[in-house]
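> Attaching a single structure in structure tokens format; questions to follow.
Please treat every number below as a calculation from the coordinates, not as lab data. Everything numeric in this text was worked out from a predicted model, so none of it was measured. Note that each Cβ is placed from the backbone with ideal geometry, even for glycine, and that neighbours are counted across all protein chains shown.
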Amino acid sequence: MPSPAAMSTPSTIAEQLAFDAKDVCVWYGEKQVLYNINLGVRPKSITAIIGPSGCGKSTFLRCLNRMHELVPSARMEGNITLFGDDLYAPTVDPAFVRRRVGMVFQKSNPFPTMSIQDNVVAGLRLNGIRDKAFLNEQMENSLRLAALWDEVKDDLHKPGVSLSGGQQQRLCIARAVAMQPEVLLMDEPCSALDPMATQKIEELMQEIKRNFTIVIVTHNMQQAARCSEQTAFLFMGKLIEMDTTEKIFGNPAEQQTEDYITGRFG
Amino acid sequence: MALAVATTPAPAPKTVGQRMPAPSRAGDVFSERFTLIMALSIFALIGLILYELLVGAWPTIKTFGFSFLTTSSWNPVTEKFGALPFIYGTLLSSLIALLIAVPLSIATAIYLTELAPLWLRQPLTSLIEMLAAIPSVILGLWGIFVMIPFLSKFVYPGLQAALGWTPFFSGPIFGIGMLSGGIILSIMIIPIITSVSREILSSVPNLQREAAYALGATKWEVTRVAVLSYAKRGLFGAIILGMGRAVGETMAVTMVIGNSSKISASLFAPGNTMASVLANQFAEASDDAFLSALFAVGLVLFLVTVVVNLFAQLLLLAAGGSKHGKLA
Amino acid sequence: MTTHSTVREWGDHHHARKRKSAFVSTVCVLSGVLVVTPLALVFIYLVIQGAASVNGDFFTQLPKPSGELGGGMANAIVGTFTLLAIASLIGVPIGIFGAVYLAEYGSPKLNWWIRFSSDILNGVPSIIWGIVIYGLMVVPMKGYSALAGGVALGCLMIPIILRTTEEVLLLVPQGYREAALALGIARWKVILQIVIKTASRGIITALLLAFARVAGETAPLLFTALGNNFWNRNLLQPISALPLQIYSFATSAFDDYHRQAWAGALVLVTFVFVLNISVRFLTREKA
């Protein structure tokens, strides 16, 4: 949490990075998959991570909310801070990190035993919040933020899984933002969706970046070019280049970046 | 996070983060340990069985040692106990059961996987599984009042007429007896051998069959060459699994085998298996020596079934067939 | 492969092979028929011999002594449910939470050993549990009891419920666990509120299967619950159960007992089959 002193000087907030990753290396068992990643994510903006399959972008994303720890053989070295707080300090409970950093997955996964409204506030309720009025308020706010409220407001009791693919993904976004995280991580959120649903999600990303920092992993370069302000290009576990999206797609500094952008390999 | 940098004393609305109690790891630690203890109970159960059987059998082991397994006299009055009649009974009845059940089960499994029309396969499989669900005591009831009268009237006399010159089919026909025990056992183990074999045969990749067909083989040749030889190990495992079930089967056998503690050559004579002697005689075991002898029989039965099932499971694992034990 | 010098010889040989194949096919079909025949025969006789006797008396009256005409198996039916209840107290929690460990925690090696041992334990004859619990409970307690019978059945239940529940839990897609954990929910809550809830129907079917199996068991009860021709309200006293009563009546000398054994068998088999069919129904709906 930013200290009260920091809160009173706006310039400090703007300069402080949402994420600051230093020398991040990850191994799955004996195999190393990330090599000394150093990058910073600017707050209240959209940062895209691009790269060919297997380059480690999903792995890096999962380091940002300690989800890579779900794989028993995973090991990380290096340092990642969230608004200045060390996420990997020994006293830090991963659950606490995940409350501050939300995640939306490639395949939408609304909880099958819950209704739409229960899905949205699942995180709040299962983390101990009982206040019904607050839960209802958060539910509506989150569904509005996810651009889903108008479509489901009369069907809130229906099962979460009864929605279409694109709606389910927006429901998952609502569920994630209901936690009021500081950052929202998105792991190829549109790869299973049709172009119409994809467009809706890209639009809502532009809306919510006012309130949240967003980091999105995508294999769709055009999406990265459309949506993000910063782009990082990963290849074979290494960060090749990171800069503003205009620079990366218009005039990349590295040859490898240019090769990837122009489709010489993929 | 609501950055309510308020300059007035009005309280800022509580954020989600402020409303949630701090996470604690205690719940997870407890949960993992608790469920581990529950899972380890399996080992505790096995240990419990071994312990209790050993304690109960100890007097008998001390008195008779290994001769308990080789002596055939079983005399509660003189307190001379040898379990050979029951070991013999278990082996013989299981052998009879396997001789009947194995060809029928494998042939049925072939029918189900290779020959039967598609609409018939699931209903027939379900029917066979239902046979497995019939409680043993009910099959025993049917055995006493339906199967045995029928066999005594129509089948056994014919067998004796044809084969009575051998020691196996000589002697008086009581109806109950070793052969009846073996037959009812076969009915009980057919479902499990069939269903495991069916799974094994279905898991044979179609590529094998197609290759054989492409060479112009007939249906039987395809089955024999491409399917059965591929599935040999798994089928053997299914058979051993059936044998394990036969060895341990109690109630139905108890009700039709006749409760005799002597070894007879004739299949028509009454006998006992290790399981049935426990059911038949445990209640009458009035003195400690008798009881201990029965515990010793139980110990042997336990060890035999564990070894047979171990063998079967390992075979099935090696064949990559059933990934879990068959419960029915 | 022998070579054939004439087309006709090849044709003959081919026909012989075809005939052989047809013969084998016939054998297989006949086997299939033969295998289901006992099932049909058992059912037919159960209905013929037992249906008439499954009447009001059967469900409400106690057995009459020494083969006197009439009476019923009311106490046995209640006894079976009582024993199932006691057994569940042991079998269900240990089985389900053990399965949670196998599915959600655990190391590959330990889990393999637990599964393997569980399958071996499943193959142990149920009468062994009867004599083990006899030694552990009946002897020290100086008497047969419903409690002992229930404990024996409960121990029998544990490996069954453990393995089937584990399979059901493993079917829950990993995506739900990840989504829940990503919301910062504690792992134990994820398991309880998300995984088990999602798998609840499958868990119920696992329990029903275990009940169906255990309800029909006689051997473990022979020297623990013993059987009882009267009502029993005391768990520390012997209790009747349907399979026990069937066994005792079937092996008795009295014709009227035999008649009631058939009735009891019909009721028991119906109960077991209703459970099994419910399971099929529940699992089919899911798909």
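> Volume per residue, Å³, of the convex hull around the alpha-carbon atoms of the range C:207-287?
Roughly 105 Å³ of hull volume per residue.
> Now a separate question. What ranking do A:L39, A:L184, B:L314 get, fewest neighbouring Cβ atoms within 10 angstrom at the top?
Result, fewest neighbours first: B:L314, A:L39, A:L184.
> Turning to a different aspect of this structure: Can you compute 3J(HN,Hα) from phi for each residue in the range A:64-74, using the Karplus curve 6.51 cos²θ - 1.76 cosθ + 1.60 with θ = phi - 60°, rounded to whole Hz and x for Gly and Pro?
My calculation for the range A:64-74 gives 6, 10, 6, 7, 5, 5, 5, 8, x, 8, 7 Hz in order.
> What percentage of all Cα-Cα pairs in the range A:183-266 are separated by more than 18 Å?
Roughly 44 percent, rounded to a whole number.
> Taking R0 as 60 Å, what FRET efficiency do you get between B:A289 and B:T166 from their Cβ-Cβ distance, rounded to the nearest 0.05?
0.95
> Over 15 Å apart: what share of the alpha carbon pairs of the range C:183-234 falls there, rounded to a whole percent?
Roughly 68 percent, once rounded to a whole number.
> How big is the range B:57-159 by Rg and Dmax over its Cα atoms, in Å?
20.7, 62
> So for the range A:147-206, considering every pair of alpha-carbon atoms, how many percent are separated by more than 17 Å?
38 percent
> Within the set A:K44/C:K189; B:K153/B:K262; B:K232/B:K262, which residue pairs have Cα atoms separated by over 27 Å?
Distance filter (> 27 Å) returns A:K44/C:K189; B:K232/B:K262.
> Work out the FRET efficiency for C:T270 and C:L192 from their Cβ-Cβ distance, taking R0 = 22 Å, and round it to the nearest 0.05.
The calculated FRET efficiency here is 0.05.
> Right, next: Which longest run of chain C has no exposed loop site in it, a site being trypsin sites (Lys or Arg not before Pro) in a DSSP loop with at most 10 other beta carbons within 10 Å, and the site itself not part of the run?
The answer is C:1-141.
> Rank by packing, highest mean first: peptides B:260-270, A:223-233, B:143-153, B:233-243, with packing defined as the count of other Cβ atoms within 10 Å averaged across residues.
B:233-243, A:223-233, B:260-270, B:143-153
> Kirkwood-based Rg over Rh for chain A (C-alpha set), two decimals?
0.97
> So, one more: Can you check what the net charge comes to around C:T26, using other residues whose Cβ is under 12 Å from the Cβ of C:T26 (Lys, Arg +1; Asp, Glu -1)?
Cβ neighbours under 12 Å give a net charge of +3.
> Okay, next question. Would you pull out the residues with amide H under 5 Å of A:A48's amide H, same chain only if 5 or more places away, H placed 1.01 Å from N?
Under 5 Å from the amide H of A:A48: A:I216, A:E229, A:Q230, A:T231, A:A232.
> If you wrap a convex hull around the Cα atoms of the protein assembly as shown, how much volume per residue is inside, in Å³?
Per-residue hull volume (Cα only) is 241 Å³.
> Indicate the helices, whole DSSP H runs only, in chain B that combine a mean Kyte-Doolittle hydropathy of 1.0 or more with a Cα extent along their long axis of 20 angstrom or more.
Answer set is B:26-64, B:84-110, B:178-202, B:288-318.
> Can you show me the helix-derived [θ] at 222 nm for the protein assembly as shown, built from DSSP H runs with n ≥ 4 at -39,500 (n - 2.57) apiece and divided by the number of residues, rounded to the nearest 500.
-18000 deg cm²/dmol, from helical runs alone.
> Please order A:D187, A:D150, A:D23 by the number of other Cβ within 10 Å, starting at the fewest.
Placing the least packed residue first, the sequence is A:D150, A:D23, A:D187.
> If you build a Gaussian network model of chain A, linking Cα atoms that sit under 10 Å apart, which residue out of A:N36, A:N79, A:N251 swings the most?
Highest fluctuation of the listed residues: A:N251.
> Something else: For chain C, what class follows from the C-alpha gyration tensor (a ≥ b ≥ c being the square roots of its eigenvalues): rounded when a/c is under 1.5, otherwise prolate if a/b is larger than b/c, else oblate?
The shape class here is oblate.
> Stick to Cα atoms and the Kirkwood definition of Rh, then tell me Rg/Rh for chain B.
1.20
> Can you work out the base-10 log of I(q)/I(0) for the range C:91-175 at q = 0.21, 0.22 1/Å, using the Debye formula on its C-alpha atoms alone?
Results for the range C:91-175 at q = 0.21, 0.22 Å⁻¹ read -0.94, -0.99.
> Which aspartates and glutamates have a Cα lying under 20 Å from the Cα of A:K247, excluding residues fewer than 8 positions away in the same chain?
Excluding near neighbours in sequence, the set is A:E229, A:E258, A:D259.
> I need the phi-derived Karplus couplings for the range C:216-229: 6.51 cos²θ - 1.76 cosθ + 1.60, θ = phi - 60°, integer Hz, Gly and Pro marked x.
These are the phi-based 3J(HN,Hα) values: x, 7, 10, 3, x, 8, 4, 10, 10, 7, 6, x, 7, 8 Hz.
> Still on this model: Roughly how many whole Å is it from the C-alpha centroid of the range B:100-119 to that of the range B:200-277?
12 Å
> Next question. Taking the Cβ of C:G91 as the centre, find all other residues whose Cβ is under 15 Å away and add up their charges (Lys, Arg: +1; Asp, Glu: -1).
0
> While we're here: Projecting each Cα onto the charge dipole of the range B:208-328 (Lys/Arg +1, Asp/Glu -1 at the beta carbon, about the Cα centre), which of B:A296, B:G248, B:Q313 comes out farthest on the positive side?
B:Q313
> Also: Using only Cα atoms, locate the centre of the range C:182-230 and the centre of the range C:25-73, then give the distance between them in Å, rounded to an integer.
What the calculation gives is 29 Å, centre to centre.
> Using a cut-off of 9 Å between beta-carbons, work out the net charge of the residues near C:R163 (Lys and Arg +1, Asp and Glu -1, C:R163 not included).
Value of the local net charge: -2.
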